[in-house]
Each structure stands twice: as C-alpha cells, then as structure tokens.
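The values are calculated or read from the model by the stated rules, or taken from the named source; none is laboratory data. Just so it is clear, the model here is predicted, and its values are computed rather than measured. FYI the Cβ positions are ideal-geometry reconstructions off the backbone, even for glycines, and counts take in every protein chain you see.
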Amino acid sequence: MRIFDHLLDVSGRSSVAAFWSSLMMLVTGTVAAVWLIERHVDPAFLPQGMTNAQLGLAVAALGFLMLSVLAVRRLRDRNRSPAWWLVLVVAPVALEALSQTLRFNGGETWLIQSLSFFSLVLAIWALLELGCMPSAQGSRDARDRFVRPAAWHTGARAGPPAWLDDKVLRSNAGVCRLVVDASAANRGQTVRWPAGRASRDVLN
C-alpha cells in the first residue's frame with residue numbers, strides 16, 4: 001500500500017496531503033493498538049516478564065519512529081535539512097516528558113510550566129511547518145512540472161532522471177497523465193502515449 005511508504009521509507013518525500021493522510025492513519029492505529037493492549041490483551045500471552053504497559057510503550061515507540069520517518073520526508077519536501085527533525089519532533093516530546101517527570105516527582109512549578117510551554121510552542125511550529133506549508137519549489141511536487149518522455153531515452157542508458165519519484169507526467173499532446181511508481185516491480189513496463197507511441201523499458 002502506497003501510504004505505508006510515507007511511514008517506512010525515510011529516503012523519499014511527502015507532500016502536505018500525504019503527510020496528513022499518513023499522520024491520521026498512524027495516530028489512529030497507534031492509539032487503537034495501545035488501547036487494545038491495555039484493555040484486552042491477556043498478560044499470559046505476553047513474553048515472560050513483559051507487562052501490558054511495557055508492550056504498549058513499545059508500540060508507542062514504534063509509532064514515534066514512524067512519525068519521525070514521516071517528518072523527515074516532509075522536511076525534505078520543504079527543502080529543509082532532515083536534522084530539523086530534532087527540533088520539531090524530538091524536542092517537544094522530550095520537553096513534555098521531562099515536564100511530566102518533574103511533576104510526578106514534585107519538581108518546581110515554574111520549571112514544569114516553562115517546559116510545557118516551550119514544548120507546546122515547538123509542537124505548534126512543527127504542525128505549521130510540516131502540515132501546512134506547501135512543497136518547496138523544485139523539490140518534489142512535479143505535479144506542476146511536466147517532463148517530455150522523449151528526454152528519458154537519450155544516451156547509453158534509457159530511463160527517467162534520477163530525481164523521478166512518483167511523478168505526474170504528461171505527453172507532448174498534453175492530454176495523457178501517468179503516475180509512474182519508480183520501483184523495481186515496474187521495470188520493463190510499456191507506457192503508451194496518446195499519439196500511439198510506445199516508450200518501452202521506462203524504468204531500465
């Protein structure tokens with residue numbers, strides 16, 4: 001399923017629409033899994049020494065890992081360094097976790113409130129940057145940038161340019177659009193254009 005690529009493949013890019021659809025699926029799946037583990041999983045079926053809470057924490061950690069993958073893909077789509085993931089994803093979670101730890105252990109009220117405030121600010125910034133800002137021009141969104149298929153077949157090695165990844169292409173006639181998934185499974189496919197031309201082995 002294509003949507004899982006946005007949660008498992010850190011090497012690509014994700015548009016705003018892909019970010020939100022993947023995020024909704026991730027949040028829903030993680031919350032549902034943790035709830036089921038806490039309420040309906042018999043501890044007798046768990047590995048020896050593992051509790052429901054520990055399994056739920058492991059699932060939540062996996063969800064956070066997938067969220068990180070999605071954030072890195074979105075940052076790349078914004079033409080920003082993936083290192084911003086530390087500020088937009090890791091920092092808010094770490095600050096809130098530290099705040100709750102201090103609250104549980106009776107820490108200073110002003111420090112707890114300060115940590116929670118900065119965590120909230122970073123979370124809002126992350127939501128705006130990752131979920132609202134459009135793709136940077138020239139990064140991924142080639143839906144506004146069409147390529148002539150004839151340009152693929154020049155030189156010794158036929159095939160799409162290196163930057164091609166799930167692009168929307170249009171023929172010279174301008175009436176046919178094709179989404180090409182640049183994966184090994186599609187190698188050697190034949191693509192037919194409106195004028196009857198055939199571009200073979202598009203993904204050599």
- line: The one condition Pro134 fails out of (1) at pLDDT 85 or above; (2) of a type outside the set (A, V, I, L, M); (3) over 22 Å from the mean Cα position of the chain (by Cα) is (3)
- request: Look at Val89 and say whether it is within 12 Å of the chain's Cα centre (by Cα), in the same structural domain as Gly29 (by TED's automatic domain parsing) and either crowded, with 18+ Cβ neighbours inside 10 Å or not in a helix (DSSP H, G or I) (or both).
  value: no
message: Based on this model, can you work out whether Ser68 counts as under 28 Å from Ser11 (Cα atoms), of a type in the set (Ser, Thr, Tyr) and in contact with a Leu (Cβ under 6 Å, 6 or more places away or on another chain)?
response: no
